[in-house]
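Below you'll find the structure, written out as structure tokens, and then a few comments.
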Amino acid sequence: MSNGIQVSYYPGCSLGATGKDYAESIATMCRLLDVELIELKGWTCCGASSAGVMLTHEGATALPALTLKLAAQTPERPLFAPCAACYNRLKVALRDLKREPELAEKLGIGPAELGLKVVNTVELLRDVVGLEALSEKVKQPLAGVKLAAYYGCLLLRPADMDTFDDPEQPTSMEAVFEALGADPVEWYGKMDCCSAGLAATMQEVAQNLVTRIINMAKSAGADGIVTACQLCSMNLESRQGDLSPANKPLPVLYLSDVVGLALGATVGELGMGRHLVDVRPVLAARETAAAEH
């Protein structure tokens, strides 16, 4: 991989546990794109679960600041955080540290840390790899597959954290779909909250929000919803209720899944067999479109 792209990799806590399928998918996608994931040695939790509830502002900022310090040792490499919650904590910390020089000084944060480029999976594909380079690597185009891009709450909010796209009407994920040959659908649910943070304490609210999102994507004609967040994926899959064929459950895929498929990876290599909702309807949509042409 000496001729490839190198990124500092921050997997966070989830990708080694409940988000293991996402980690497999990311690893396979990056291998096919010749992107070398160099995991930060000694990384610690970003505090996503506790930062806003149990910690002071300083404490909540200090946790992601530790990761920024590690990444600043190799500032020429982008810091890649595929977990949307980790990405959000890192970006919010950067925002606050730039605004509060006294806090930055207290936590040992300087120009190297503040100048880091922190990217999520969408940005990795659009900005680090590049859409043209991505398109050139496609071996099995997703022609005829209709995909609903789902950004959720964490990739583009709060809007003042130096966002990579319009926080109300983003189009970056749709641009990736087009580079893969897929058809992005127009729908109104791509920025709606899936309620992942409320899933345990307000289950009825969570169920209603997920049902609304799934129904909107179905009404738009999507073959599947695509997300870059393992929390959203788990919630959108697990709250579809009746998963029988008669109910026509809607597949929920990671962005790295659809990229991997277009690059020629198998379902097994991408860990897609771990999804709660059967992903085969998305594959069938591609096969149907290919047969028609």
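For this structure, a couple of remarks:
- Dipole of the chain, positive end: most advanced residue of 189, 241, 227 [Cβ charges, Cα centre]: 241
- Pairs from the list 20/69; 41/106; 20/190; 20/106 with a Cα-Cα gap above 30 Å: 20/106.
- Protection proxy ranking of 117-124, 161-168, 40-47, 253-260 - average other beta-carbon atoms within 10 Å, highest first: 253-260, 117-124, 40-47, 161-168
- Compactness of the range 168-270 as Cα Rg over 2.2 N^0.38 Å, two decimals: 1.09
- Sum of -39500 (n - 2.57) over DSSP H runs of 4+, divided by residues of the chain (222 nm, nearest 500): -12000 deg cm²/dmol
- Selection from 255, 33, 73 lying farthest towards where the dipole of the chain points positive, charges on Cβ: 73
- For the peptides 203-212, 224-233, 171-180, the ranking by packing is 224-233, 171-180, 203-212, with the highest mean count of neighbouring Cβ atoms within 10 Å listed first.
- Looking at the chain, the accessible area is 44 square angstrom per residue; that uses a 1.4 Å probe and ignores ligands, DNA and RNA.
- Cα-centred dipole magnitude for the range 1-141, charges only on beta-carbon of K, R (+1) and D, E (-1), debye, nearest 20: 120 debye
- Across the range 9-51, counting alpha-carbon atoms alone, Rg and Dmax equal 11.6, 35 Å.
- Each of residue 204 and residue 102 was given a label point 7 Å from its Cα along the Cα-to-Cβ line. The distance between the two points is 4.6 nm.
- For the range 54-187, the equivalent ellipsoid derived from the alpha-carbon gyration tensor has semi-axes of 33, 17, 10 Å in decreasing order.
- Structural descriptor for the range 1-81: relative contact order 42 percent, calculated from alpha carbon pairs under 8 angstrom and at least 6 residues apart.
- Inter-part distance where the range 76-91 and the range 108-153 are each reduced to a Cα centre, Å: 12 Å
- Across all C-alpha atoms in the chain, the radius of gyration and Dmax reach 18.8, 63 Å.
- A viscosity of 0.692 mPa s and a temperature of 37 °C, combined with the Kirkwood radius over C-alpha pairs in the Stokes-Einstein formula, give the range 1-107 a diffusion coefficient of 226 µm²/s.
- The range 211-281 - charge dipole about Cα centre, Lys and Arg +1 at Cβ, Asp and Glu -1, debye rounded to 20: 200 debye
- The charge dipole of the chain, taken about the Cα centre with unit charges on the Cβ atoms of Lys, Arg (+1) and Asp, Glu (-1), comes to about 500 debye, rounded to the nearest 20.
- For the range 142-200, with all protein chains in place and a probe radius of 1.4 Å, 52% of the accessible heavy-atom surface sits on carbon or sulfur.
- Alpha-carbon centroid distance for the pair the range 175-248 / the range 270-286, whole angstrom: 15 Å
The values are calculated or read from the model by the stated rules, or taken from the named source; none is laboratory data. A quick note: this is a predicted structure, and the numbers were derived from the prediction, not measured. Cβ coordinates were reconstructed from backbone atoms using ideal geometry, including for glycine residues, and neighbour counts include every protein chain displayed. Accessible surface is based on the protein model in full, side chains and every heavy atom, while ligands, DNA and RNA are left aside. Shrake-Rupley method; radii C 1.70, N 1.55, O 1.52, S 1.80 Å.
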